[in-house]
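Visitor: Before I ask anything, let me first share the structure, which is written out below as structure tokens.
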Amino acid sequence: EQLQVLDHYLKVRKQCEAEKTGFGLLKTRQDKWEEELLSKTAGQERLKEVPVLLLNSQAELNMLEQERNQLNKFALQLKRLKQMGEETKEARQRYLSVVKVRDEKRQEYQQMEQLFFDAQAGVLAQRLEEGMPCPVCGSLEHPKPAASSAHIPDEKRLKEEKEKLTRLEGEVGRTSSDAKNKGEQLQETASL
């Protein structure tokens with residue numbers, strides 16, 4: 001009978017230990033479930049913040065979109081300014097080039113005109129007679145009459161050269177005005 005009691009005691013003890021182990025497993029599961037529950041609760045709390053975060057993100061996105069648009073406008077304006085700067089530089093170079101050609105043509109014309117006038121004096125000098133009054137100054141004596149030149153430009157050619165010079169003067173005025181306008185436009189655009 002003692003053996004039976006001991007046997008029964010051992011069985012009960014085993015059952016207690018098995019139940020204790022089972023209870024430990026249940027406790028572990030319970031702890032795990034509580035942890036999951038806390039995690040899910042925290043997740044739900046974070047989900048409550050989602051609309052606010054979404055609104056904040058949308059506002060930030062709108063702000064970034066505005067900044068991008070401003071940067072695009074700035075880039076376009078910068079490109080336009082660069083192009084206008086190039087156009088202004090080219091207009092100034094055209095002006096300087098036309099001024100140079102005009103100055104050279106003016107010098108040629110003045111030399112040609114001087115030759116023409118000198119030649120006119122030579123033609124008058126050939127008609128001078130001693131004792132007769134000079135048609136220019138009225139003197140009766142002609143100690144140093146002007147010599148005639150072999151290369152005398154005629155009046156027609158002189159007029160043609162004068163017309164060329166006049167056209168160049170007009171072109172200088174147009175290119176000057178163009179360069180000035182482009183420079184003013186560039187300054188006006190740059191100040192915006």
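Visitor: Between ASP31 and LYS159, what is the spin-label point distance in nm, taking each point 7 Å from the Cα along the Cα→C-beta axis?
Guide: Spacing of the two 7 Å Cα→Cβ label points: 12.1 nm.
Visitor: Also, I was wondering about something else. Output the direction-averaged projected area (hull surface divided by four) of the convex hull of the alpha-carbon atoms of segment 1-75, in nm².
Guide: With the hull built on Cα positions only, its mean projection is 7.3 nm².
Visitor: If you project the alpha carbons of segment 44-101 onto the principal axes, what extent comes out on each, in Å, largest first?
Guide: The Cα atoms of segment 44-101 stretch 84, 9, 6 Å along the principal axes, largest first.
Visitor: If you roll a 1.4 Å probe over the heavy atoms of the protein chains, what accessible area per residue do you get for the chain, in Å²?
Guide: 85 Å²
Visitor: Output the direction-averaged projected area (hull surface divided by four) of the convex hull of the alpha-carbon atoms of segment 47-192, in nm².
Guide: With every direction weighted equally, the projected area is 13.5 nm².
Visitor: Evaluate the charge dipole of segment 85-146 about its Cα centre and quote only its size in Debye, nearest 20, assuming +1 on the Cβ of each Lys and Arg and -1 on the Cβ of each Asp and Glu.
Guide: Using only the charged Cβ atoms, the result is roughly 260 debye.
Visitor: Within segment 42-86, what residues put their amide N at less than 17 Å from the label point 7 Å along the Cα-to-Cβ vector of GLN185?
Guide: Output list for this probe position: 77-86.
Visitor: Full extension from LEU10 to LEU53: what is 0.36 nm times the residue separation minus their Cα-Cα distance, to one decimal in nm?
Guide: Net length gain for the segment: 9.3 nm.
Visitor: Rounded to the nearest 20 Debye, what is the dipole magnitude of segment 1-113 about its Cα centre when Lys and Arg each give +1 and Asp and Glu each give -1 at the C-beta?
Guide: Computed about the Cα centre, the dipole is about 540 debye.
Visitor: Rounded if a/c is under 1.5, else prolate if a/b is larger than b/c, else oblate: which is segment 124-192, with a ≥ b ≥ c the root eigenvalues of its Cα gyration tensor?
Guide: prolate
Visitor: Sum up the charges of everything whose Cβ sits under 12 Å from the Cβ of THR175, counting Lys and Arg as +1 and Asp and Glu as -1, but leave THR175 out.
Guide: +3
Visitor: Moving on to the next point. What net charge is computed for the residues neighbouring LYS164, neighbours being all others with C-beta under 11 Å from the C-beta of LYS164, Lys and Arg scored +1, Asp and Glu -1?
Guide: It works out to a net charge of +1.
Visitor: Taking the Cα centre of the chain as origin, sum charge times position over the Cβ atoms of Lys and Arg (+1) and Asp and Glu (-1), and report the length of that vector in debye to the nearest 20.
Guide: About 580 debye.
Visitor: Rounded to the nearest 500, what is the 222 nm mean residue ellipticity of the chain from helices alone, with -39500 (n - 2.57) per DSSP H run of 4+ residues and division by all residues?
Guide: That comes out to -32000 deg cm²/dmol.
Visitor: Same structure, new question: Explain nothing, just the number: relative contact order of the chain, from Cα pairs under 8 Å at least 6 residues apart, as a whole percent.
Guide: Rounded, it is 26 percent for the chain.
Visitor: On to the next question. Using DSSP to define loop residues, name the GluC sites (Glu not before Pro) in segment 1-59 whose beta-carbon has at most 16 other beta-carbon atoms within 10 Å.
Guide: Sites meeting the loop and neighbour criteria: GLU1.
Visitor: What lysines does LYS162 reach when the alpha-carbon gap must be under 18 Å and sequence neighbours fewer than 8 apart in one chain are set aside?
Guide: Straight-line reach from LYS162, under 18 Å: LYS100, LYS105.
Visitor: Which percent of the accessible heavy-atom area of segment 100-192 goes to carbon and sulfur, probe 1.4 angstrom?
Guide: 51 percent
Visitor: Turning to a different aspect of this structure: State, to one decimal in nm, how far the label point of LEU71 lies from the label point of GLN44, with both points 7 Å from Cα in the Cβ direction.
Guide: 4.3 nm
Visitor: Another question, if that's okay. Give the residue from PHE74, SER57, SER176 lying farthest towards the positive end of the charge dipole for segment 49-192; charges sit on Cβ (+1 for Lys and Arg, -1 for Asp and Glu) and the dipole is referred to the Cα centre.
Guide: It is SER57.
The values are calculated or read from the model by the stated rules, or taken from the named source; none is laboratory data. These figures come from a predicted structure and were not determined experimentally. So basically every Cβ, Gly included, is an ideal-geometry build from the backbone, and we count neighbours across all protein chains shown. Note: accessible area is taken over every heavy atom of the protein model, side chains too, but ligands, DNA and RNA are not part of it. Shrake-Rupley method; radii C 1.70, N 1.55, O 1.52, S 1.80 Å.
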